[in-house]
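No lab work stands behind these numbers, since they all come straight from the coordinates. What you are looking at is a predicted structure, and each value in this text was computed from that prediction instead of being measured. Cβ: placed from backbone, ideal geometry, glycine included. Neighbour counts: every protein chain shown.
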Amino acid sequence: MPTAAAQAQVDDLPKIIQNNLDKPGNLLKILEQAQESDPKHYLSEKTLRTVADTLGLPLTQVYSVVTFYSFFNLKPQGKHSIVVCRGTACHTRGSLALLNEALHNMGIKSFKEEEENSVTSLDGFASVRTVACFGQCALAPVIQIDGVVKSRMTIGKLVSLLEKMKKEAKNERKN
Ligand code: FES
């Protein structure tokens with residue numbers, strides 16, 4: 001029996017496809033909206049198959065679009081998102097240490113940066129990913145937490161941001 005979350009995704013998809021059918025660039029728009037509407041912010045195989053079948057496209061074409069753009073997820077994502085810039089400017093100002101701290105703080109043991117798009121903590125609390133450049137190199141090192149860009153990041157600042165995030169989640173659970 002499908003879960004409520006899976007049902008929500010299945011219910012939304014035909015409407016998303018219908019609303020974008022005649023628009024230019026409809027494949028990207030549909031995929032973006034389908035991912036947004038999914039409670040775990042990812043595109044399941046079922047979603048990709050439905051999109052391909054409805055648009056009359058080969059599934060391989062849909063997959064190649066999804067794998068080309070780094071903002072698409074093929075795996076369920078955590079509740080929070082931590083994105084660490086690994087471009088040259090950020091790397092020279094310590095982004096690897098920031099990435100390692102984010103992983104360690106979330107209890108994530110390994111992340112193959114070159115092979116994986118993102119990694120999610122076992123408790124589903126957060127997903128950690130990297131980007132090639134945020135386009136804000138003058139403010140390096142740059143990270144993004146839940147869509148908010150944070151510049152001139154330090155390990156100390158990162159740790160306090162992550163601890164605050166955990167504390168807020170704990171308080172939410174209590175209420
Ligand atoms: S290299 Fe990090 S913002 Fe450009």
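So in the chain, which Cys have no other cysteine's beta-carbon sitting under 4.7 angstrom from theirs?
133, 137 - these cysteines have no disulfide-compatible partner (Cβ-Cβ under 4.7 Å) in the chain.
Take the cross-link list 40/150; 29/174; 40/164; 46/157; 109/166 and give me the ones stretching past 28 Å between alpha-carbons.
Those over the limit are 29/174; 46/157.
Quick one: Kirkwood hydrodynamic radius for the stretch 80-174, alpha-carbon pairs, angstrom, one decimal?
Every distinct Cα pair counted, the radius reaches 13.3 Å.
Could I get the Rg over Rh figure for the stretch 4-68? Both from C-alpha atoms, Rh via Kirkwood, rounded to two places.
In the stretch 4-68, Rg relative to Rh is 0.92.
Can you give the net charge of the other residues whose Cβ lies under 12 Å from the Cβ of residue 44, counting K and R as +1 and D and E as -1?
Neighbourhood net charge equals +2.
Report, ordered by chain and residue number, the lysines lying within cross-link reach of residue 112, taken as a straight Cα distance under 17 Å and ignoring same-chain residues fewer than 8 apart.
75
Have a look at the stretch 1-124 and give its Rg and Dmax from the Cα atoms, expressed in angstrom.
Spelled out, the Cα radius of gyration and Dmax of the stretch 1-124 are 16.7, 50 Å.
Could you list the GluC sites (Glu not before Pro) in the stretch 86-175 that lie in coil according to DSSP, counting only those with at most 11 other Cβ atoms within 10 Å of their Cβ?
Those that pass, being in a loop and sparsely packed, are 114, 115.
What is the order of 155, 108, 30, fewest Cβ neighbours within 10 Å to most?
155, 108, 30
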